[in-house]
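In what follows, a single structure is set out as structure tokens and then discussed.
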Amino acid sequence: MARALCRANVSRSRSGLPSSSASSRASSNEAPAIVWFRDDLRLADQPALAQAAASGLALICVWIHDPHASGERPEGGAARWWRHESLRALDVALTARGGRLLLLQGDEAATLNALVAETGAQAVYWNRRYGAAQRAVDSALKASLRERGVDVESFNGQLLNEPWTVLNQSGEPFRVFSAYWRACLRMGDPPPPQGEPERMIFQSLPARLTQRASTLDALGLAPRSPDWSGGLRAAWPAGEEAALERLRAFLATDLDSYAGERDEPGDAATSRLSPYLAVGAVSPRQVWAALRAAQHAHGRGSARRATSAEKFASELGWREFCHYQRYHYADLATRNLRPAFDAMPWRNDAAGLKAWQRGLTGYPLVDAGMRELWRTGWMHNRVRMVVASFLTKHLLIDWRAGESWFWDTLVDADPASNPANWQWVAGSGVDAAPYFRIFNPVLQGQKFDPRGAYVRQWVPELAGLPDALVHQPWKASARQLEAAGVRLGKNYPEPVVEHELARQRALEAYAQTGKAKGFAASREGQKQGPRQDAKQGGKA
Ligand SMILES: Cc1cc2nc3c(=O)[nH]c(=O)nc-3n(C[C@H](O)[C@H](O)[C@H](O)COP(=O)(O)OP(=O)(O)OC[C@H]3O[C@@H](n4cnc5c(N)ncnc54)[C@H](O)[C@@H]3O)c2cc1C
């Protein structure tokens, strides 16, 4: 029996951190269970892993690199680097417990089927994913494996509430966040997170399989020549322990001030958990439970803490709402959810796009954000809104061009949150900001970065300007510019567009959409219909 080879019980704390370590590798005649890791690169609160461990079978933990990504968009450069680092951290964690992460390459379905055949696995477990093409792959796999007598189970490891469980009274998906979130809150707290399995037995892999397995480097996820990942590496330690440490630190030091300071990019007032949530190094249930525990740590907690906790919870709600949209509107990343925007006369402005991407628009807050993104793979939420507004309104460039750039450069690039937020800013999404609300990048800077700390950090050529001018260097006198070492048009650009003219142009463009209002389900949504998904349970 495989279990007989296992060392003494390993006890794990409820937090998911190991309280002692043990290894167990089994060479067994008993058919093993495969845990297919996807966007759940952790050991605690990992329902598929928990189920496999509870079965008592020896485990094979696998990650499959499918260059065609199951018909989904391949990950962007920064996200691929983050995936590389996160896989490495997961492998280290598994190795410390006597296992390993088996890395395979190829078409997901064919590779998993071959692995089942080769190892004689009797069970396969995974956590669900919500992209249309991914669901199709998972459904087909589930059906074919079950036909072969393999036990296949899928679980919710990525969301607080799965998309088909939250519908309005007519059984349709919500289109307004506030109503959606109220409905979620009415459903009560999500189930508490599970700890790491107390006992895991790992299957010894046959030599032919280990020889065929890929190395992490061979997957080609990390950049090589040139290796541009230095800034990302400095900003983001990977893995489950780093994620839990960040969560603890945020709740211990920043929660109380979150509601008041979360919009200020110069303060590290937000959790910076988004990259960890994106690859599942931490689960939303873990974040939720830790938030509630921190909120009530001192009796009922202060009113300030309670306000901040609700605000933070609702941000997790926005993450849920983005995944909800992706599930119900499969072409969220490519199609305006408001068809009126199909008539928007977007400008084809390659020079403007390039200036925006490089952080050379001449608007300091925009440039600071775009440079932070390039250097660290992350940008503060307030600044994401400002730069997205600038691209779609000041430059009148299609939101999809900005979404693609973010997709390639964000460490937390998320197939739901990225397009949903771009559509929100552009005005083309469900429950979107009205198009005519056009951020003034100078006023935004003055309001949320009043001392210019953020701009000075990322646009050092403006660091010497006084606070009052750091967001609008063109208003400085020749003497002030000289004193600060700023040469406009030479070492820092003049604004690429003038704010008021750009604003007028954007409003006129919007008027050309014929003011068609309304919202249409995506083509995919019309074909499948969210109701039908809901009836089918939507699970794969
Ligand atoms: C144009 C644009 C593109 C974006 N692209 C992404 C993306 O690809 N991936 C991504 O995770 N977030 C994206 N966001 C949302 C948001 O900017 C980030 O989630 C947030 O800045 C992450 O920082 P944090 O973890 O410190 O957030 P916190 O303020 O600490 O919030 C906690 C968590 O809530 C979630 N969250 C917060 N705000 C949002 C939001 N508006 N939408 C969805 N989830 C949210 C995130 O998971 C975040 O980690 C985008 C926002 C905009 C305006």
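The values are calculated or read from the model by the stated rules, or taken from the named source; none is laboratory data. Model, not experiment: these values are computed from the prediction. Cβ sites come from the backbone with ideal geometry, for glycine too, and all protein chains shown count toward neighbours. The area values use the complete protein model at the heavy-atom level, side chains included, leaving out ligands, DNA and RNA. Shrake-Rupley method; radii C 1.70, N 1.55, O 1.52, S 1.80 Å.
Which peptide among 463-474, 127-138 comes first, and what is the full order, when sorted by highest mean count of other Cβ atoms within 10 Å?
Values: 463-474: 18.7, 127-138: 20.2.
Those peptides, ordered most packed to least, come out 127-138, 463-474.
Translational diffusion coefficient of segment 339-511 at 10 °C, 1.306 mPa s, Stokes-Einstein with Kirkwood Rh over Cα pairs, in µm²/s as a whole number.
In µm²/s, the coefficient rounds to 98.
In segment 192-242, what GluC sites (Glu not before Pro) fall in a loop by DSSP, with at most 16 other Cβ atoms inside 10 Å? Show your work: numbers first, answer last.
Numbers: sites: 198, 240, 241; in loops: 198.
Passing sites in segment 192-242 are 198.
Ignoring any ligand, DNA or RNA, what whole percent of the accessible area of segment 339-511 comes from carbon and sulfur when the probe is 1.4 angstrom? It would help to have the intermediate numbers written out before the result.
On the way: 3670 of 6820 Å².
Roughly 54 percent of what the probe reaches on segment 339-511 is carbon or sulfur.
Whole angstrom only: what separates the Cα centroid of segment 163-224 from the Cα centroid of segment 318-358?
For segment 163-224 versus segment 318-358, the Cα centre distance is 25 Å.
Grab the beta carbon distance between residue 468 and residue 185, set R0 = 51 Å, and tell me the FRET efficiency rounded to 0.05.
Values: r = 43 Å, r/R0 = 0.85.
After rounding to 0.05, the efficiency reads 0.75.
With a point put 7 Å past each Cα toward its Cβ, work out how far residue 224 is from residue 292 in nm, to one decimal.
4.8 nm
Can you work out ³J(HN,Hα) from phi for every residue in segment 486-501, in order, using Karplus 6.51 cos²θ - 1.76 cosθ + 1.60 and θ = phi - 60°, giving whole Hz and x for Gly and Pro?
Result, rounded to whole Hz: 9, 10, 4, x, 10, 9, 8, x, 5, x, 6, 9, 8, 3, 5, 5.
Below 15 angstrom from the Cβ of residue 386, what's the summed charge of the other residues (Lys, Arg +1; Asp, Glu -1)? Before the final figure, lay out the partial values.
Working: positive: 262, 371, 382, 384, 393, 437, 447, 503; negative: 263, 264, 367, 372, 449.
Local charge sum for residue 386: +3.
Using DSSP to define loop residues, name the trypsin sites (Lys or Arg not before Pro) in segment 431-474 whose beta-carbon has at most 15 other beta-carbon atoms within 10 Å.
Details: sites: 437, 447, 451, 456; in loops: 437, 451.
Qualifying residues, ordered by number: 437, 451.
Residue by residue through segment 465-481, what is 3J(HN,Hα) from phi via Karplus (6.51 cos²θ - 1.76 cosθ + 1.60, θ = phi - 60°)? Round to whole Hz and write x for glycine and proline.
6, x, 3, 5, 10, 5, 9, 8, x, 5, 8, 6, 6, 4, 5, 5, 5
Could you calculate the FRET efficiency of residue 30 with residue 208 from 1/(1 + (r/R0)^6), where r is the beta carbon distance between them and R0 is 22 Å, rounded to 0.05?
On the way: r = 19 Å, r/R0 = 0.88.
Calculated value: 0.70.
Ordering 162, 30, 245 by accessible area with a probe of 1.4 Å, largest first, what comes out?
The ordering from most to least exposed comes out as 245, 30, 162.
Can you tell me, using C-alpha contacts under 8 Å and at least 6 residues apart, the relative contact order of the chain as a whole percent?
18 percent
Where Lys and Arg each count +1 and Asp and Glu each count -1, what net charge lies around residue 206 among other residues with Cβ under 12 Å from its Cβ?
On the way: positive: 208, 212; negative: 118.
My count for the surroundings of residue 206 gives +1.
Rounded to the nearest Å, what's the spacing between the alpha carbon centres of segment 92-133 and segment 272-311? Just the number, please.
When both Cα centres are located, 31 Å separates them.
Please report, in Å, the Rg and the Dmax of the chain, where both are computed over Cα atoms only.
For the chain, the Cα radius of gyration and maximum Cα-Cα distance read 24.7, 83 Å.
With every protein chain kept in place and ligands, DNA and RNA left out, what is the accessible area per residue of the chain? Probe 1.4 Å, answer in Å². Before the final figure, lay out the partial values.
Numbers: 22150 Å² over 540 residues.
Value returned for the chain: 41 Å² of accessible area per residue.
Using label points projected 7 Å from each Cα along Cα→Cβ, tell me how many nm separate residue 498 and residue 334, to one decimal.
4.1 nm
State the volume of the convex hull built on the alpha-carbon positions of segment 331-417, expressed per residue in Å³ and rounded to an integer. It would help to have the intermediate numbers written out before the result.
On the way: hull volume 7.9 nm³, N = 87.
Cα convex hull per residue, to the nearest whole number: 91 Å³.
Kindly provide the helix-only [θ] at 222 nm of the chain, computed as the sum of -39,500 (n - 2.57) over DSSP H runs of four or more divided by all residues, to the nearest 500 deg cm²/dmol?
Numbers: 23 runs with 239 residues, N = 540.
Calculated mean residue ellipticity at 222 nm is -13000 deg cm²/dmol.
Each residue of segment 94-108 in order: what ³J(HN,Hα) in whole Hz does its phi give by Karplus 6.51 cos²θ - 1.76 cosθ + 1.60, θ = phi - 60°, with x for Gly and Pro?
Running phi through 6.51 cos²θ - 1.76 cosθ + 1.60 with θ = phi - 60° gives 5, 4, 4, 9, x, x, 6, 9, 7, 9, 10, 10, x, 4, 4 Hz.
May I ask you to compute the full-extension gain from residue 480 to residue 153, defined as 0.36 nm times their residue separation minus their alpha-carbon distance, rounded to one decimal in nm?
Going from the current span to full extension adds 111.0 nm.
List every residue whose amide H lies under 5 Å from the amide H of residue 60, counting only residues 5 or more places away in sequence or on a different chain, with H placed 1.01 Å from N in the peptide plane.
33, 34, 35, 203
Given contacts defined as C-alpha pairs under 8 Å and at least six residues apart, what's the relative contact order of segment 235-284, whole-number percent? List each step's numbers first, then the result.
On the way: 31 pairs, mean separation 23.0, N = 50.
Relative contact order, segment 235-284: 46 percent.
Quick check: net charge around residue 261, other residues with Cβ under 9 Å of its Cβ, Lys/Arg +1 and Asp/Glu -1? Could the numbers behind the result be given before it?
Numbers: positive: 262; negative: 254, 263, 264, 267.
Taking every other residue near residue 261 into account, the sum is -3.
Full-extension gain between residue 451 and residue 436, please, as 0.36 nm times their residue separation minus the C-alpha to C-alpha distance.
Values: separation 15, 0.36 × 15 = 5.40 nm, distance 2.83 nm.
Stretched out fully, the residue 451 to residue 436 stretch lengthens by 2.6 nm.
Rounded to the nearest 5, what % of DSSP beta bridges with both residues in the chain are antiparallel? Please list the in-between numbers first.
On the way: 1 of 23 bridges.
The answer is about 5 percent antiparallel.
Amide H neighbours of residue 65 under 5 Å, at least 5 residues apart or on other chains, H built in the peptide plane: list them.
Distant-sequence amide H within range of residue 65: 104, 105, 106.
When each pair of different Cα atoms in segment 108-157 is counted once in the 1/r mean, what is the Kirkwood radius in angstroms, to one decimal? Could you put the intermediate results ahead of the total?
Numbers: mean 1/r = 0.0901 Å⁻¹.
The Cα-based Kirkwood calculation yields 11.1 Å.
How large is Rg over Rh for segment 230-375, taking Rg from the Cα atoms and Rh as the Kirkwood inverse mean of 1/r across Cα pairs?
Numbers: Rg = 18.7 Å, Rh = 18.1 Å.
Dividing the radius of gyration by the Kirkwood radius yields 1.04.
Rounded to the nearest 0.05, what FRET efficiency do residue 215 and residue 381 have when you use their Cβ-Cβ distance and R0 = 35 Å? It would help to have the intermediate numbers written out before the result.
Working: r = 36 Å, r/R0 = 1.04.
Efficiency for this residue pair is about 0.45.
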